[in-house]
1. Calculate the spin-label point distance for Ala38 paired with Asp136, positioning each point 7 Å from the Cα along the beta-carbon direction, and give it in nanometres.
2. What full-extension length gain, to one decimal in nm, is calculated for Asp143 and Leu49 as 0.36 nm per residue of separation minus the Cα-Cα distance?
3. List the pair-distance distribution P(r) of the stretch 75-121, using every Cα-Cα distance, as the percent of pairs falling in each 5 Å bin from 0 up to the bin containing the longest distance, rounded to whole percents.
4. Just by accessible area at a 1.4 angstrom probe, what is the order of Ile120, Ile41, Ile52 from largest to smallest?
5. Calculate the spin-label point distance for Tyr28 paired with Met109, positioning each point 7 Å from the Cα along the beta-carbon direction, and give it in nanometres.
Amino acid sequence: MNNANNNADHNDDINELDDINGIDEMAYDLVEEELRRAAAILDPVPAGLRQIAVEAFALHDLDARIAELTFDSVVDAIPVRGATDVPRMLTFHVGGVTVDVELTAQGLMGQVLPPQSAGIEVLSGPQAGSPLTTDDMGRFTYDEPPAGPFALRLRTGEGVLVTDWVTA
């Protein structure tokens, strides 16, 4: 009981000090904001760490299955002599679902196999791109080429799947 009284007395002392010094919660908030600004200038978050955080947030669908990159024409295809501005071909696979994507300077187009309806989001930062839907053949197009790392989030009848991140 004596310890409880001591804690109560200590808390009263702190409250009295705050009242004497004129410190209120608003002042604490201002000091906190100043410290945040100073930290942002003196010790900013590295760009790589910020990108990792953005990518981690993009996977906030905990039940999403990850569609693994199984083919990338930059790595796996035999180059054609003299060919310029060839589209990049990507294939992702998870379970019984395959996603083929062709990436060009004009955007991307792809197909979900077996053909099925799916809602698709192009993830390339904190905000998802415009929602896309597949046609009856499982095809989709996106008229903006991703500017950096991107992934696709698909919502199919089998659940949510997210492709590996790929740098455009």
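The values are calculated or read from the model by the stated rules, or taken from the named source; none is laboratory data. Please read all numbers here as calculations on a predicted model, not as lab measurements. Cβ coordinates were reconstructed from backbone atoms using ideal geometry, including for glycine residues, and neighbour counts include every protein chain displayed. With ligands, DNA and RNA removed, areas are computed over all heavy atoms of the protein, side chains included. Shrake-Rupley method; radii C 1.70, N 1.55, O 1.52, S 1.80 Å.
1. Placing both labels 7 Å along Cα→Cβ, they lie 6.7 nm apart.
2. 30.9 nm
3. That works out to 5, 16, 25, 22, 16, 9, 6, 1, in percent per bin.
4. Details: Ile120 0, Ile41 135, Ile52 105 Å².
Output order, biggest surface exposure first: Ile41, Ile52, Ile120.
5. It is 6.0 nm.
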